[in-house]
Structure formats: C-alpha cells, structure tokens
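Undergrad: Please see the structure below; I have some questions.
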Amino acid sequence: MSRRSSGRISAGFLLLLLLIAAGAGFWLWQRYTGFADAPMSGLEAGETVMVERGDSLPIVVRKLREAGVREGDLLEWRALAKQLGAAGKLQVGEYAIEPGTSPRALLVAMREGRVIRHRFTIVEGWNIRELRAALAKAKPLTLETGKLDNAALMKAVGAPGQHPEGRFLPETYLYTRGDSDLDVLKRAHAAMDKALDAAWQQRSADNVLKTPDEMLVLASIVEKETGIASERPQIAGLFSRRLKLGMRLETDPTVIYGIGSTYDGNIRKSDLRADNPYNTYLIAGLPPTPIAMPGIGALEAVARPADGDALFFVAVGDGSGRHLFARTYAEHQANVRAYLKNYRAAQSGKAQ
C-alpha cells in the first residue's frame with residue numbers, strides 16, 4: 001500500500017471520528033436542552049421544595065427526587081446551574097414546583113430568590129382576641145406568641161406598657177415560610193403607628209379629639225358601627241358633635257366590648273346598667289382604649305368628620321347595613337319605629 005493511500009485512509013478515519021464526535025455532541029446537547037426546558041414529571045399541584053441555609057445543589061436535587069422528580073442526573077443539574085450562574089447562589093426559601101415547571105425555571109427562581117409569599121389578613125373590626133386566634137391558625141406562620149399574655153406580647157412587639165387593642169393595622173401582610181406571627185405583628189404595629197400619625201396630621205382644625213390615642217379610640221368605634229365606607233364620616237361627625245356637647249356616646253359596640261368573650265349576641269338591660277369603663281350609656285366621653293382594629297377609612301373619617309346636625313342614628317333594619325340619622329330625639333324615635341317595622345318585615349321574609 002502506498003503512502004498516499006495510507007494518508008487518504010487516515011484522513012477519512014479522522015473525518016469519521018469527527019462526525020461521530022459531532023453527532024455525540026449534538027445528541028448530548030439535545031439531551032441537555034431537553035432536560036433543561038422540559039417540564040419536570042412526578043409533581044402534584046401545590047408541591048414545594050425548601051432550600052435551607054447551607055443546602056448545596058446535590059442536596060436540593062435530592063429533595064427534588066424525594067418530591068418525585070426524576071429528570072436529569074446530577075451532572076446535568078450542575079451544568080445547568082453553571083450556565084445560569086446559579087451554582088453556589090441558591091437562595092434560602094420555599095419554592096413552588098408546580099406541574100409544568102422546568103429545571104431552568106426552577107434554578108432561575110432559586111438564583112433570584114423568587115420564594116413563595118403567603119398572605120395573612122387582619123380584618124377591619126377584629127379585636128385582639130380575634131387577631132391572636134387567627135394568627136394561631138395561620139399556616140405556615142411560626143407561632144412565637146402563643147404563650148404570651150397581652151402585656152408580654154406588646155413588650156415583644158416593642159411597645160411595652162401599651163394596650164394591644166386597636167394597635168395593629170387591618171391589611172394583608174405577605175410573609176415567607178420561616179417567618180413568625182411576631183414578625184407580622186411588628187409590621188402591623190408599625191403600619192398602624194404610621195397610619196395614625198398620617199390621620200392625626202390631616203385632622204380638621206376644629207377637631208374635638210385632643211390626642212392621637214383618642215383618635216384611635218373613636219376610629220375603632222366608628223369601625224364597629226358601620227361597614228359602609230360612605231357612612232363613616234357621618235357617624236364620625238355625629239360622635240364628634242356628641243363629645244363637644246358633653247353628651248354620652250351611647251354606642252352598643254363599646255358595651256359589647258365591655259361584656260367580653262361571654263357576649264352571646266344580645267345586649268340586656270343589665271348590660272346597659274353595668275358599671276364598667278366601656279359602658280358609654282353610663283360614662284361620659286370616650287372609653288379608655290380602642291375596642292377593635294380600625295382601618296384607614298375609619299381613621300380618615302374621624303380625622304375629618306362630616307359636617308351636619310345629626311345627633312342620633314339607628315340601623316335601617318332591612319339587612320343593608322345602612323343607618324337613619326336624626327337631629328332630634330323625636331325624629332330618632334320615628335326612625336326607631338321604622339327600623340322595627342323593617343326588621344320585622346325582613347325576619348318575616350326569611351321565615352317564608
């Protein structure tokens with residue numbers, strides 16, 4: 001065999017090797033891209049994975065295996081993490097791995113810290129008992145305050161000696177797994193301080209309230225008296241006029257608050273005669289503390305109450321939550337009769 005022929009064979013063999021290598025490389029690339037962008041199998045709706053402090057990529061992959069994911073070997077996961085700049089940069093937190101999630105999307109989320117954010121809502125009008133009961137049931141919020149009494153709770157929040165009622169702003173708060181109820185309470189307390197200060201700064205020049213604390217108390221009463229936003233300034237104005245005239249507020253929500261956890265849905269004559277600081281049928285002025293958590297709308301209504309001459313109000317009685325307002329007691333009595341008529345008609349309709 002000539003040297004020329006041997007050279008041709010060597011060149012052909014080399015070309016064959018190159019073609020095999022190129023084919024293998026193309027096959028590997030297809031497998032890699034197919035792994036990186038294909039939806040992971042074995043996942044159920046609502047599935048999550050937790051990256052703990054100190055977790056390496058192999059540990060995260062093991063957790064994914066435990067969740068049912070079978071796609072990709074560790075080498076492919078390492079290659080993808082390196083390509084995405086996620087190697088060694090997976091952020092601590094809880095991540096969603098819903099059906100349809102690809103390895104690429106998951107590692108990008110972990111690199112950027114797109115953790116699951118849970119929600120906890122403080123409802124307008126809740127009292128501190130209701131707030132604490134809701135926090136105790138909130139999942140996956142960690143419970144830190146369960147064994148604390150209210151005084152210890154406020155000390156932990158950073159407001160030692162402060163009464164807890166009304167001090168947490170009704171709002172929806174986002175949190176991540178690992179956060180505690182105390183974290184949420186601290187944020188809600190700071191939010192209420194900010195909202196109360198803003199309302200106090202914008203109060204009307206002739207406002208009857210002397211301190212921000214008084215504003216918080218009256219706002220809590222307005223919050224409990226009506227759930228209709230347009231009525232809040234009217235009711236705030238009515239109570240403000242009563243305070244200026246030295247009239248008792250005579251508001252049922254304060255009486256109910258004074259009854260406490262034994263309230264069964266009825267206010268009796270004995271309740272209206274009870275000697276306690278929340279019975280506004282007996283005491284003059286405001287009760288000593290708020291009776292609920294007022295929202296921003298109630299705070300703003302009390303800061304700038306509506307003008308008018310009404311001194312009395314009663315529910316319409318038709319289930320709408322609206323109220324009838326009156327300037328004189330005689331007008332109020334007529335409204336009470338209208339309320340009773342509407343209430344009886346509404347109850348009769350329910351019975352049918």
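The values are calculated or read from the model by the stated rules, or taken from the named source; none is laboratory data. All values reported here derive from a predicted model rather than from experimental measurement. As a convention, Cβ positions derive from the backbone with ideal geometry for all residues, glycine included, and neighbour counts pool all protein chains shown.
Undergrad: Of all the residues that make up region 324-334, how many are free of Cβ contacts under 8 Å to residues at least 40 places away in the same chain and assigned to a strand (DSSP E or B)?
TA: The total comes to 2.
Undergrad: Scan THR262, THR226, THR251 and give me the residue that is surrounded by 17 or more Cβ atoms within 10 Å (Cβ to Cβ), over 16 Å from MET293 (Cα atoms) and either among the β-branched types (Val, Ile, Thr) or within 26 Å of the chain's Cα centre (by Cα) (or both).
TA: Selected residue: THR251, the only one of THR262, THR226, THR251 that is surrounded by 17 or more Cβ atoms within 10 Å (Cβ to Cβ), over 16 Å from MET293 (Cα atoms) and either among the β-branched types (Val, Ile, Thr) or within 26 Å of the chain's Cα centre (by Cα) (or both).
Undergrad: Within region 301-328, track down each residue that is of a type outside the set (A, V, I, L, M, F, W, C) and in contact with a Lys or Arg (Cβ under 6 Å, 6 or more places away or on another chain).
TA: ASP309
Undergrad: Which numbered condition trips up LEU131, out of (1) aliphatic (A, V, I, L, M); (2) closer than 30 Å to GLU214 by Cα; (3) free of Cβ contacts under 8 Å to residues at least 40 places away in the same chain?
TA: Exception for LEU131: condition (3).
Undergrad: Let me ask something else. Is there a residue being at pLDDT below 95 and part of a loop (DSSP other than H, G, I, E, B) anywhere in region 209-222?
TA: no
Undergrad: I've got another one for you. Looking at region 127-141 only, could you name the residues that are of a type in the set (D, E, K, R), touching a Ser or Thr at 6+ places or on another chain (Cβ under 8 Å) and surrounded by 14 or more Cβ atoms within 10 Å (Cβ to Cβ)?
TA: Of everything in region 127-141, just one residue is of a type in the set (D, E, K, R), touching a Ser or Thr at 6+ places or on another chain (Cβ under 8 Å) and surrounded by 14 or more Cβ atoms within 10 Å (Cβ to Cβ), namely ARG132.
Undergrad: When you look at GLY321, is it part of a loop (DSSP other than H, G, I, E, B) and either under 28 Å from ARG167 (Cα atoms) or over 36 Å from the mean Cα position of the chain (by Cα) (or both), yes or no?
TA: Yes.
Undergrad: Return the pair list, or none, for Cβ contacts closer than 8 Å from residues in region 87-114 that are more than 15 Å from LEU64 (Cα to Cα) and touching a residue at least 40 places away in the same chain (Cβ under 8 Å) to residues that are of a type in the set (A, V, I, L, M, F, W, C) and in a loop (DSSP other than H, G, I, E, B), at least 6 apart or on different chains.
TA: Taking only residues 6 or more apart or on different chains, the pairs are GLN91/VAL115.
Undergrad: Mind counting the residues in region 309-323 that are exposed (fewer than 14 other Cβ atoms within 10 Å of the Cβ) and over 20 Å from ALA345 (Cα atoms)?
TA: Here the count works out to 1.
Undergrad: Say we look at region 299-352 and pick out the residues that are charged (D, E, K, R) and over 18 Å from ILE235 (Cα atoms); which of these is modelled with the highest pLDDT?
TA: Of everything passing the filter in region 299-352, ARG337 is modelled with the highest pLDDT.
Undergrad: Just wondering, is there one or more residues in region 291-313 that are assigned to a helix (DSSP H, G or I), touching a Gly at 6+ places or on another chain (Cβ under 9 Å) and farther than 17 Å from LEU218 by Cβ?
TA: No: region 291-313 contains no residue that is assigned to a helix (DSSP H, G or I), touching a Gly at 6+ places or on another chain (Cβ under 9 Å) and farther than 17 Å from LEU218 by Cβ.
Undergrad: Return yes or no: is GLU98 in contact with a helix residue (DSSP H, G or I) (Cβ under 8 Å, 6 or more places away or on another chain), charged (D, E, K, R) and more than 28 Å from TYR278 (Cβ to Cβ)?
TA: Considered against the rule, which asks whether it is in contact with a helix residue (DSSP H, G or I) (Cβ under 8 Å, 6 or more places away or on another chain), charged (D, E, K, R) and more than 28 Å from TYR278 (Cβ to Cβ), GLU98 comes out as no.
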